[in-house]
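Colleague: Sharing a structure below in structure tokens format, with a few things to ask.
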Amino acid sequence: MENIAFASIEDTLYEQDYYAWTEQQAALLQAGRFTEIDLAHLIEEVEDLGRSQRRAVKSALVVVLIHLLKYHFQRKHRTQSWRATLREHRRRLRDEFADSPSLRPYAEHVFAECYQDAREEAADETGLPFAAFPPACPFTLAQVLDRNFLPD
């Protein structure tokens, strides 16, 4: 089979059955048939994996920050559900950092941005004005990640 014909088959498989494409690429890699690999799509997918992990870290950080803000600023409305959400998303962050320790500096890098997103969402969820939440995060990243930390 010529590489050109194979490439068009790969494009079709990649577009029509992503799972079958991943299985095929894994089999080709395991067999050492590197010249047959759909390199362009494989590179794209590897890059997407990194972006996906970064999105997961940002998302979990925002959720933890939202719930810490709600917990801190709405004492009378505290629920076990908020604690459960904190526990779940902190666990997700621990898992991400355990699998990919290089994501921890990324979390530090996006922490302030995540806090601003959390302020906006906390204001929407609580009905409190945006200005009710401090412009700078009142919690450190270490506190946000600490499974036992709750404000006040």
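Colleague: Taking the range 72-99 only, how many residues are at pLDDT below 95 and hydroxyl-bearing (Ser, Thr, Tyr)?
Modeller: Residues in the range 72-99 being at pLDDT below 95 and hydroxyl-bearing (Ser, Thr, Tyr): 2 in total.
Colleague: Right, here's the next one. Among the listed residues Leu69, Leu65, which satisfies the condition of being in the same structural domain as Arg119 (by TED's automatic domain parsing), in contact with a Cys (Cβ under 7 Å, 6 or more places away or on another chain) and of a type in the set (A, V, I, L, M, F, W, C)?
Modeller: Leu65
Colleague: Still on this structure: Restricting attention to the range 114-142, and to residues there that are under 21 Å from the mean Cα position of the chain (by Cα) and without any contact (Cβ under 8 Å) to a residue 12 or more places away in the chain, which single residue is surrounded by the fewest Cβ atoms within 10 Å (Cβ to Cβ)?
Modeller: Ala142
Colleague: Where in the range 1-114 are there helices (runs of 4 or more DSSP H), lying wholly inside it, with at least 3 residues that are under 24 Å from Phe133 (Cα atoms)?
Modeller: Because the criterion is at least 3 residues that are under 24 Å from Phe133 (Cα atoms), the helices (runs of 4 or more DSSP H) in the range 1-114 that meet it are 39-73, 80-99.
Colleague: Going by the structure shown, is Arg92 surrounded by 13 or more Cβ atoms within 10 Å (Cβ to Cβ) and either acidic (Asp, Glu) or free of Cβ contacts under 8 Å to residues at least 40 places away in the same chain (or both)?
Modeller: For Arg92, the condition - surrounded by 13 or more Cβ atoms within 10 Å (Cβ to Cβ) and either acidic (Asp, Glu) or free of Cβ contacts under 8 Å to residues at least 40 places away in the same chain (or both) - is met.
The values are calculated or read from the model by the stated rules, or taken from the named source; none is laboratory data. Keep in mind that what you see is a predicted model, and the values were worked out from it rather than measured. In this analysis, Cβ positions are derived from the backbone assuming ideal geometry, glycine residues included, and neighbour counts consider all displayed protein chains.
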